[in-house]
Each structure stands twice: as structure tokens, then as C-alpha cells.
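Trainee: Let me give you the structure first, and then I'll get to my questions.
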Amino acid sequence: MIVALNKRAMGRGGSVDYKAIVIGTGQGGKPLAGAFAVAKWNTAIVECGDVGGTCVNVGCTPTKTMVASARVAYLARRGREYGVECSDMEINLQTVRERKRKIVDMFRGGSERGMTRHETLELIRGTASFTGPKTLSVALNDGGTREIRSDKIFINAGTRPLIPDIEGLSKTPYLTSTTIMELGEVPEHLLVIGGGYIGVEFGQMFRRFGSEVTIIQRGKSLLGREDEDVAAEVLKILTEDGVKVILEARPLGVSGSENRGVEVTFKSHTGEKTLSGSHLLVSVGRVSNADTLNLSASGIETDSRGNIKVNDKLETSASGVWALGDVNGGPAFTHISYDDFRVLKANIIDGGDANTSGRLVPYCVYTDPQLGRVGLTERQAKEQGLNYRVAKIPMTHVARALEMDETRGFMKAIVDADTEQILGAAVLGIEGGEVMSVLQMAMMGKVPYTTVRDGVFAHPTLAESLNNLFMAMDG
């Protein structure tokens with residue numbers, strides 16, 4: 001139920017007063033507004049686009065839906081290895097797209113119904129910007145403006161694809177992580193600028209759909225935040241799948257048109273080269289939407305990259321304003337945004353003293369096999385001067401992986417040599433995210449690696465390989 005305007009108290013200058021205003025319906029903002037509504041706070045939540053934020057609409061939900069389709073294609077091509085003939089396989093990208101759209105619509109619809117059932121919560125569709133420390137102007141999607149005010153404002157405005165300054169890009173047709181998912185036909189040759197998490201996921205996905213794929217990566221390795229051995233193994237896997245990767249390549253310019261395809265000129269250690277393709281994906285990261293909010297009117301500070309500065313309680317430099325999720329420059333993961341919500345709910349509604357310091361940040365890169373990551377990398381442990389040990393086994397030593405014929409990758413854990421606590425893990429293997437989560441649970445419970453090493457796990461499961469992982473370190 002959407003509350004009518006005349007039920008609100010009029011504030012200064014004709015603005016409407018709320019006890020709380022939330023900007024953005026992402027994975028932090030939506031549950032936070034719902035919690036305020038359950039607490040019977042008169043609350044407004046402002047959304048300029050589709051309800052659900054990046055994750056539901058253009059991030060986790062649609063991409064992983066398409067990754068699943070790509071994996072089916074991969075397995076169909078491998079069917080003969082398992083004694084299954086799949087000779088008539090073909091890719092219908094329009095059907096892939098429609099399946100993706102249906103799942104997104106289902107998730108989005110559930111999110112919207114969950115909000116509009118609250119009598120004290122009003123969904124305002126429009127673009128918010130600050131006009132003062134406690135006031136916002138909302139340019140409504142259907143025309144006109146609304147002036148609203150609150151002593152408590154929560155910003156969950158998210159991010160958008162970063163468009164780099166490359167000569168010719170503004171005149172060349174290109175795709176982003178959002179628009180590539182709306183293609184109706186498989187690209188003949190997809191050129192990808194950027195070898196980070198987004199680039200490798202889409203690169204492998206479209207290779208499996210049948211595209212020729214070339215990734216142009218500026219850095220010395222893919223996935224620059226990961227350990228060298230992890231990045232090297234991901235490169236090996238992509239190469240095995242037929243993805244071409246060019247490292248240490250700086251894009252100099254692009255050109256092209258809808259009719260004649262695209263070209264990318266880049267400079268590497270071998271000199272300047274030009275590649276031709278049918279489509280171009282630009283995937284060099286994301287940028288905060290904070291620049292759309294007129295923050296200067298509210299006294300909210302941003303960092304050098306445009307992210308809203310917050311402390312460990314998510315408070316901004318302006319009193320009574322908090323920022324949660326990707327917009328504050330923290331780890332750009334749905335589960336972190338949701339944890340930001342939990343921190344704010346604990347402090348503001350429940351009277352607690354929660355903060356974001358020291359929380360574990362797990363994540364999963366949905367290449368196939370997956371890369372599940374949590375805690376410190378080996379590089380970070382070394383930089384911090386820790387006394388650590390490394391446990392590592394290839395997936396060829398995992399019985400369940402052998403039985404499934406999914407033996408690419410490895411498991412790796414970083415262990416404190418003094419306390420026997422697990423400091424971090426990288427599981428690059430079949431269902432790597434699920435196996436990583438077992439190690440995360442051990443870290444959360446401060447369970448020493450020896451307990452995991454000696455634990456009894458069901459056979460044959462992937463989790464039981466954790467016995468072997470830590471025995472290999474002690475062997």
C-alpha cells in the first residue's frame with residue numbers, strides 16, 4: 001500500500017517530512033526501508049530505475065542466469081566424454097535472454113510487492129538530489145518534482161559501468177555489462193576491454209555461446225587483486241576454453257560502426273596492434289552514482305574516486321546522513337550491501353553499537369570453475385609480515401571432482417603458523433564458492449585448521465577434500 005501525500009506532515013518550504021528517507025532500492029536500501037516501516041516510521045524510498053538495484057536488475061541475478069545457460073552449452077559439447085551424444089545442440093540467444101528476463105522480473109516483482117505492502121512506506125519513482133543538509137528534490141519519472149525532508153537520510157544509490165576515456169569510444173558502438181545481456185544474437189567476435197571479474201565472466205560466457213572472444217587487459221595478469229597463481233590458473237582455464245587473452249595491453253583508440261564492426265588499437269611490449277571484431281564490451285569497472293546527488297548542498301564528502309566517505313558505522317561527514325552499499329566505495333558485493341543494512345538496523349532501530357570493522361568479505365567469481373575467495377590472499381599476508389603457511393592441492397586430488405570430470409583449478413588456504421587459524425582461502429574449482437563457504441564458517445567460528453583437517457565429512461563430497469588440503473600442508 002502506497003501512502004497518500006496528504007497523510008504526510010508538511011515541512012519547511014512546502015517539503016514533505018518523513019522520519020527517514022532512503023535513496024535507492026538495492027540490497028541495502030530496500031530491507032532498511034522495510035525495517036523502518038515495520039517499526040512504524042513514516043518512510044520514503046526513492047528509486048529512479050527498476051526496484052531491486054544493480055543485483056536484481058543488471059548484476060548478480062541476470063548474469064548468473066546467463067552463466068547457467070552457458071554452462072549447459074559447455075556440458076553439451078562435452079557430452080561425448082560422459083557417454084552422452086548431443087549432436088543437435090545450438091544456441092538460441094533470444095531464448096537465453098527471455099529466460100533471464102523472466103527470472104529478473106520475478107525477483108523485481110517480489111521486491112516491489114514486499115515494499116508496497118507497508119502502510120508507512122512510500123515508494124517515490126524519480127531521481128533524488130540534495131537541496132540542503134536535510135532536504136531533497138526528486139525529479140519524478142512521470143514529470144514534475146517533489147520536495148521531501150528528513151533528519152535521517154540513507155544513501156544506497158549504487159554504481160554504474162565506468163566508461164574509460166579512450167579515443168573514439170564516444171563515436172563507436174560498444175556494450176557494457178548491462179547492455180550485453182540484451183543481445184539477441186551471438187557476436188561473431190567479441191572484443192573485451194578489461195580482464196577483471198566482469199570481463200572474464202562475460203568472456204567465457206560468450207565463448208561458450210559460440211563467439212570468438214579476445215580479452216585486452218592492461219595489467220600484467222587477469223583479476224589483478226588475486227594472487228599470481230590464482231590469476232595464472234584462471235588464464236589457463238580461459239585459454240583452454242578458447243578465449244584469447246592479451247596482457248599488458250593499453251588501449252589507444254577504438255573505431256567502428258553498427259555495419260562494419262569495431263576495431264581496437266592497443267600498445268603492448270610488442271608494439272602497436274589493431275584488432276578487429278564484431279562487438280566491443282567495455283568492462284573496466286564501475287563508478288559511484290554519488291555524483292548524481294548534488295552532495296555539495298549537503299556537506300557530504302567524497303574520496304578521490306567519487307565514493308561517499310563513511311566511517312565504520314556508515315556515517316557520512318554530514319550529520320544524520322548515512323551511505324551504504326557500493327556508493328560508499330566499500331567491497332562492491334550484494335552481501336556487503338546487505339550487511340551494511342544489518343549494521344544500520346542494529347544501531348538505529350535496535351539501539352546497538354554495530355560496525356563494519358573486521359568483517360569477512362567473501363565473494364565468488366562466476367567463471368567455470370568458480371573462484372571462491374575469503375579473507376587474506378597470500379600476497380596480503382606477505383605484505384603484512386605475517387608468519388603464515390600455505391595449504392594447496394590441485395583439483396585433480398579431489399575424488400568428487402575426478403568423478404565429475406571437473407578437475408581444473410586448485411584449493412588454497414592461508415594459515416597463521418602461530419595460532420593455526422585460517423586467514424584466507426581461494427577455491428578455484430567446481431562449486432568453489434560453496435567449498436569456500438565451509439572455510440569461511442571455520443574462520444567465523446575461529447576453528448583451527450587442524451579441526452577441519454581431522455573432521456569427518458560425508459563421502460564423496462567436495463567438502464571432504466578439505467581433509468586432504470590441510471593434510472598436504474602437514475605432510
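Trainee: Step by step: first the residues of segment 279-307, then only those that are farther than 11 Å from Gly158 by Cα and within 20 Å of the chain's Cα centre (by Cα), then the one that is surrounded by the fewest Cβ atoms within 10 Å (Cβ to Cβ). Which residue is that?
Mentor: It comes out as Arg305.
Trainee: Can you tell me which residues in segment 149-163 are farther than 20 Å from Pro133 by Cα and either of a type in the set (Lys, Arg) or surrounded by fewer than 24 Cβ atoms within 10 Å (Cβ to Cβ) (or both)?
Mentor: Thr159, Arg160, Pro161, Leu162, Ile163
Trainee: Follow-up question, since we're still on this one. Any idea which of Leu123, Leu169 is in contact (Cβ under 8 Å) with a residue 40 or more places away in the chain and over 30 Å from Thr43 (Cβ atoms)?
Mentor: Leu169
Trainee: What are the residues in segment 184-210 that are of a type in the set (Gly, Ala, Ser) and either buried (at least 24 other Cβ atoms within 10 Å of the Cβ) or at pLDDT below 95 (or both), if any?
Mentor: Hits for segment 184-210 are Gly194, Gly195, Gly199, Gly203.
Yes or no, residue by residue, for (1) in the same structural domain as Leu402 (by TED's automatic domain parsing); (2) free of Cβ contacts under 8 Å to residues at least 40 places away in the same chain; (3) part of a loop (DSSP other than H, G, I, E, B); (4) in contact with a Gly (Cβ under 9 Å, 6 or more places away or on another chain):
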site	(1), (2), (3), (4)
Val22	no, no, no, yes
Gln27	no, no, yes, yes
Met66	no, no, no, no
Leu75	no, yes, no, no
Asp88	no, yes, yes, no
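Trainee: From the list Leu324, Leu344, Leu376, which residue is within 30 Å of Asp405 (Cα to Cα), modelled with pLDDT of 95 or more and buried (at least 18 other Cβ atoms within 10 Å of the Cβ)?
Mentor: Testing whether each residue is within 30 Å of Asp405 (Cα to Cα), modelled with pLDDT of 95 or more and buried (at least 18 other Cβ atoms within 10 Å of the Cβ) leaves just Leu376.
Trainee: Given (1) among the β-branched types (Val, Ile, Thr); (2) in a helix (DSSP H, G or I); (3) over 17 Å from Glu233 (Cβ atoms), where does Val435 come up short, assuming only one miss?
Mentor: Of the numbered conditions (1) among the β-branched types (Val, Ile, Thr); (2) in a helix (DSSP H, G or I); (3) over 17 Å from Glu233 (Cβ atoms), the odd one out for Val435 is (3).
Trainee: Within segment 29-58, can you find the residues that are among the small types (Gly, Ala, Ser), at pLDDT 95 or above and in a helix (DSSP H, G or I)?
Mentor: Gly29, Ala33, Gly34, Ala35, Ala37
Trainee: What residue, among those in segment 453-475 that are assigned to a loop (DSSP other than H, G, I, E, B) and over 32 Å from the mean Cα position of the chain (by Cα), is surrounded by the most Cβ atoms within 10 Å (Cβ to Cβ)?
Mentor: Gly455
Trainee: Residue by residue through segment 238-254, note down the ones that are touching a Ser or Thr at 6+ places or on another chain (Cβ under 7 Å) and either under 21 Å from Arg208 (Cβ atoms) or crowded, with 17+ Cβ neighbours inside 10 Å (or both).
Mentor: The answer is Lys244, Val245, Ile246, Leu247, Ala249, Val254.
Trainee: OK, next. Within the set of pairs 6+ apart or on separate chains, which have a first residue in segment 274-300 that is among the acidic types (Asp, Glu), a second that is part of a strand (DSSP E or B), and C-beta atoms under 9 Å apart?
Mentor: These pairs meet every condition: Asp291/Thr302.
The values are calculated or read from the model by the stated rules, or taken from the named source; none is laboratory data. Everything quoted here is computed from the prediction, not taken from an experiment. Cβ: placed from backbone, ideal geometry, glycine included. Neighbour counts: every protein chain shown.
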